1. In Å², what does the accessible area per residue of the chain work out to with a 1.4 Å probe?
2. Give the Rg/Rh ratio for the chain, taking Rg as the radius of gyration of the Cα atoms and Rh as the Kirkwood radius, to two decimals.
3. Taking the chain as the reference, fit the longest principal axis to its C-alpha atoms, fit the long axis of helix 35-59 to the helix C-alpha atoms, and give the angle between the two in degrees, 0 to 90, nearest 10.
4. Under a plain spin-label model, where a point goes 7 Å from the Cα along Cα-to-Cβ, how far apart in nm are Glu11 and Asp50?
5. Calculated from DSSP H runs of 4 or more alone, at -39500 (n - 2.57) each and per residue, what is the 222 nm mean residue ellipticity of the chain, nearest 500?
6. If I build a Gaussian network model for the chain, linking alpha-carbon pairs within less than 10 angstrom, which residue out of Leu27, Leu13, Leu41 has the largest mean-square fluctuation?
7. Work out the FRET efficiency for Asp57 and Asp21 from their Cβ-Cβ distance, taking R0 = 22 Å, and round it to the nearest 0.05.
8. Give me the percent of the accessible area of the chain that comes from carbon and sulfur atoms, probe 1.4 Å, all protein chains in place.
Amino acid sequence: MTEEEMRKRLEMLRIEHRDLDAAIDALMAANAGDQMQIARLKKRKLGLKDQISHIEDYLIPDIIA
């Protein structure tokens, strides 16, 4: 995967992460009561966060000062 492809993937993951955050907030605000669905969305959101972190770590390497 090229750096440009990784940057595009990163942006798509960030958008999906924000969308999941909004969906979770909406379900919680509406007291939908489906805790299993909320838990699944939160788990998916954490997975996305891990993928985002992995790509960011690759694109922005640690610099030892």
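1. Numbers: 5250 Å² over 65 residues.
With all protein chains present, the chain gives 81 Å² per residue.
2. On the way: Rg = 15.1 Å, Rh = 13.2 Å.
So for the chain, dividing Rg by the Kirkwood Rh gives 1.14.
3. Result, in degrees: 10.
4. Inter-label distance under the simple model: 2.7 nm.
5. Only helices count here, giving -28500 deg cm²/dmol.
6. With Cα springs under 10 Å in the chain, the top fluctuation among Leu27, Leu13, Leu41 is at Leu27.
7. Here the calculated transfer efficiency is 0.55.
8. Using a 1.4 Å probe with all protein chains present, the chain comes out at 56 percent carbon and sulfur.
The values are calculated or read from the model by the stated rules, or taken from the named source; none is laboratory data. What you see is a predicted model; the values in this text were computed from it and never measured. Heads up, the Cβs are rebuilt from the backbone with ideal geometry, glycines too, and the neighbour counts pull from every protein chain shown. In case anyone asks, the SASA skips ligands and DNA or RNA and just uses the protein heavy atoms, side chains included. Shrake-Rupley method; radii C 1.70, N 1.55, O 1.52, S 1.80 Å.
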